[in-house]
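Everything on this sheet refers to the single structure shown next.
The values are calculated or read from the model by the stated rules, or taken from the named source; none is laboratory data. It should be emphasised that the depicted structure is a prediction, and the values quoted were computed from it without experimental measurement. For neighbour counting, all protein chains shown are included, and Cβ atoms are generated from backbone atoms with ideal geometry for every residue, glycine included.
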Amino acid sequence: MFWKRLTDLLISFVALACLAPLLLLIALAIKLDSPGPAIFRQKRVGRFGKLFEIYKFRTMNVGTPDLATDKMQLLPSPITRIGEFLRKTSLDELPQLFNVALGEMSLVGPRPALYNQTELTAKRMAAGVLEFPPGITGWAQINGRDELPDDVKVTADQWYCRNWRYTLDWQIIFSTFQAVLSKRGAI
């Protein structure tokens with residue numbers, strides 16, 4: 001785990017420094033596209049069930065309810081014009097590098113559930129998934145992302161936690177790039 005945290009720190013700091021111009025450009029585009037802040041903060045369930053605020057680029061109109069992505073499809077689309085592009089390319093996730101630098105998240109781990117996804121959180125707690133730090137990407141993300149039902153996500157997250165090794169994280173990171181480029185499972 002020491003190497004995992006060290007890798008998280010190094011990559012998050014280097015990525016934030018190198019991506020600073022892109023981050024500023026995205027923030028400006030969001031501000032020009034719709035009223036509201038460029039950065040969206042939301043309570044998520046972290047390691048050991050502790051709540052933390054996740055940072056993302058805002059892709060929806062201000063005032064949109066906090067619902068899981070699959071539940072959002074039941075409402076009229078609250079996604080902004082630039083938000084659609086950011087979600088399809090996963091660029092909205094880049095501010096989570098700050099969460100990684102702060103130690104609230106890891107580059108790789110189970111995706112953190114919304115604070116109000118109590119059923120999913122209970123399943124993860126029972127499966128031992130919450131003993132791992134949440135990640136920007138994870139085993140479930142490269143195997144379906146938002147297309148997977150909660151039970152399948154929990155099983156995938158549990159498999160990752162039981163089979164974790166440093167090299168597995170690198171396999172997931174490289175596979176994430178393929179999943180993002182293919183836009184597979186992105187909503």
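Here are some notes:
- On inspection, residue 31 qualifies as modelled with pLDDT of 90 or more and either farther than 30 Å from residue 127 by Cβ or acidic (Asp, Glu) (or both).
- Subset of the range 147-163 that is of a type in the set (A, V, I, L, M, F, W, C) and more than 13 Å from residue 120 (Cβ to Cβ) - its residue that is surrounded by the most Cβ atoms within 10 Å (Cβ to Cβ): 161
- Selected residue [among the aromatic types (Phe, Trp, Tyr) and crowded, with 19+ Cβ neighbours inside 10 Å] from 48, 40, 98, 85: 40
- Restricting attention to the range 112-146, the residues that are within 23 Å of residue 88 (Cα to Cα), surrounded by fewer than 20 Cβ atoms within 10 Å (Cβ to Cβ) and without any contact (Cβ under 8 Å) to a residue 40 or more places away in the chain total 1.
- Taking the range 24-135 as the region of interest, the strands (runs of 3 or more DSSP E) fully inside it that hold 1 or more residues being farther than 24 Å from residue 158 by Cα are 39-45, 51-57.
- Conditions (1) at pLDDT 95 or above; (2) exposed (fewer than 13 other Cβ atoms within 10 Å of the Cβ); number of the one not met by residue 63: (1)
- Any pair with Cβ under 6 angstrom, 6 or more apart, that starts in the range 162-183 at a residue that is closer than 20 Å to residue 86 by Cβ and ends at one that is among the polar types (S, T, N, Q): 176/137; 180/90
- Any chance residue 54 is in contact with a helix residue (DSSP H, G or I) (Cβ under 9 Å, 6 or more places away or on another chain), touching a residue at least 40 places away in the same chain (Cβ under 8 Å) and farther than 27 Å from residue 161 by Cα: no
- The set of residues in the range 10-26 that are closer than 12 Å to residue 96 by Cβ, hydrophobic (A, V, I, L, M, F, W, C) and touching a helix residue (DSSP H, G or I) at 6+ places or on another chain (Cβ under 7 Å) comprises 15, 16.
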